[in-house]
Amino acid sequence: FQSIDGQARRRLADVFIGGSFHGHACRDNQGQQQLVDYAYAGFRQTQLVMPFAGIRQSTQYVRWRRPDVGFRYDCLGRTQDNPLVIQSADSVWRTAPVLFELCSPDQFEMASAAQVLQQTHGSLLHDNGYDQDPQALQQLLLTAGYRYTLKSLRTSDSVQPGGDLPVGMVWQNTGLAPCYPKMGEDFKLHMLLADASGQQVLLDTALPVNIAAWMPADEPGGSPSDNRVDWALHVPQDIPAGTYTLQLAI
């Protein structure tokens, strides 16, 4: 079918974010007009990201329909765009990633890029022909996305074979954004028991923790929330007595 009523763009958007239409006018292969009804949920497993073309209302519409759709802007560092980009991206980061591509070198300003990245809680950047100080670019990149930090840990000094080792942890996300499982960032928190040298792992346990829920501070430079994790690590009966190293990994 070919659209004949100017709704081609609507149909394309509905394929991605979902939608419905009653009596959509199309032409079939014989050139005859047909009215088609459809309702489609849109893509659900793929992490969708909507390019921002300067029209805030389009971004707002997509956010209203699908809060799991991310935001992408391909000219980070162009100062005059900052207010509109910051307003349009708004709270997208809470449910979907915010992605950027640096503006062309003749329009790029590092301070401008850093401001937008911080305010929008950006996750990923593409350098796009950057030709200035590479160390400055590295510092900009290091601020993006998640940063999981172990704030504190408490446990016992000893445990009997066959017993449980209580472990209490507090984690913080000191970065700008959470992780997004649809982006492949489906992380697990592992607790490991290794030999005294820390080289040979004798026990590896994945904890049932939702790391994607560990949010950064609402405002850049603010204090992120504490994420408490309490776990009793079961030590198998057949582990020989000795000194071991407790390890953590995401």
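The values are calculated or read from the model by the stated rules, or taken from the named source; none is laboratory data. Quick caveat: nothing in here was measured; it's all calculated off a predicted structure. Neighbour counts are summed over all protein chains in view; Cβ atoms, including those assigned to glycine, are modelled from backbone coordinates with ideal geometry. Ligands, DNA and RNA are excluded from the accessible area calculation, which covers all protein heavy atoms including side chains. Shrake-Rupley method; radii C 1.70, N 1.55, O 1.52, S 1.80 Å.
A few points about this structure:
- Residue that is farthest from the chain's Cα centre (by Cα) [pool: residues in region 16-44 that are open to solvent by 60 Å² or more (accessible area, probe 1.4 Å) and within 30 Å of CYS103 (Cα to Cα)]: PHE16
- Some residue of region 115-127 being aliphatic (A, V, I, L, M), under 16 Å from the mean Cα position of the chain (by Cα) and either open to solvent by 40 Å² or more (accessible area, probe 1.4 Å) or modelled with pLDDT under 95 (or both): yes
- Search result, residues across region 15-39 that are at pLDDT below 85 and either among the aromatic types (Phe, Trp, Tyr) or closer than 30 Å to TYR180 by Cα (or both): VAL15, PHE16, ILE17, GLY18, GLY19, SER20, PHE21, TYR38
- Of all residues in region 184-209, those that are among the basic types (Lys, Arg) have Cβ atoms under 8 Å from Cβ atoms of residues that are open to solvent by less than 70 Å² (accessible area, probe 1.4 Å) and at pLDDT 95 or above, 6 or more apart or on another chain, in LYS188/ALA206; LYS188/LEU207; LYS188/VAL209; LYS188/ILE211.
- Test: residue in region 130-143 that is of a type in the set (S, T, N, Q) and open to solvent by less than 80 Å² (accessible area, probe 1.4 Å): yes
- Any pair with Cβ under 7 angstrom, 6 or more apart, that starts in region 225-250 at a residue that is in contact (Cβ under 8 Å) with a residue 12 or more places away in the chain and open to solvent by 80 Å² or more (accessible area, probe 1.4 Å) and ends at one that is part of a loop (DSSP other than H, G, I, E, B) and of a type in the set (Gly, Ala, Ser): GLN237/GLY162; THR243/ALA196
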